[in-house]
Amino acid sequence: MTRAPRRRIGRCRAAPGRPTTVRRPVRSGPSSAGNFLVVALFAASWFLRRDDPARPPLAALVLSFAGVGLSLVTAWLGGELVDRLGIGVSDGAHVDAPSSLDGKATARAQLRS
């Protein structure tokens, strides 16, 4: 990680009076880091199992279950980002919204921003 993003994240954490849009990048960090760790846990588990997949060692099982548990936590964090905080949700999103693959809907969204 370079110095510039660290300073930006530090400013976001140090600004309690700022609007939520300034603090949002900090909240997505644990979910992203957790997803990377989930992949690392499953990769390590696979590495330990590759010699004898039928009889995995205890460490491989522990890593697998830790990966499943952490993936549930990061899924919950991602749900919080989208549902409660509205990060990554279009302002015009609703049940009867046009498809995002439709060129007209994309053009309207670009005009609004």
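The values are calculated or read from the model by the stated rules, or taken from the named source; none is laboratory data. Note that the structure is predicted; figures quoted are calculated from it, not measured. Cβ: placed from backbone, ideal geometry, glycine included. Neighbour counts: every protein chain shown.
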From 28, 64, 32, 71, residue being assigned to a helix (DSSP H, G or I), of a type in the set (Gly, Ala, Ser) and modelled with pLDDT under 60: 28
Any hit, segment 87-101, residues being more than 29 Å from residue 31 (Cα to Cα) and modelled with pLDDT under 80: yes
Contacts under 9 angstrom Cβ, first residue in segment 87-112 being farther than 25 Å from residue 32 by Cβ and in a loop (DSSP other than H, G, I, E, B), partner of a type in the set (A, V, I, L, M) and at pLDDT below 70, 6 or more apart: 92/105; 92/109; 97/105; 98/105; 99/105
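Hey, among the residues in segment 74-86 that are aliphatic (A, V, I, L, M) and either in a helix (DSSP H, G or I) or modelled with pLDDT of 85 or more (or both), which one's nearest to residue 39 (Cα to Cα)?
Going through the qualifying residues, I end up with 75.
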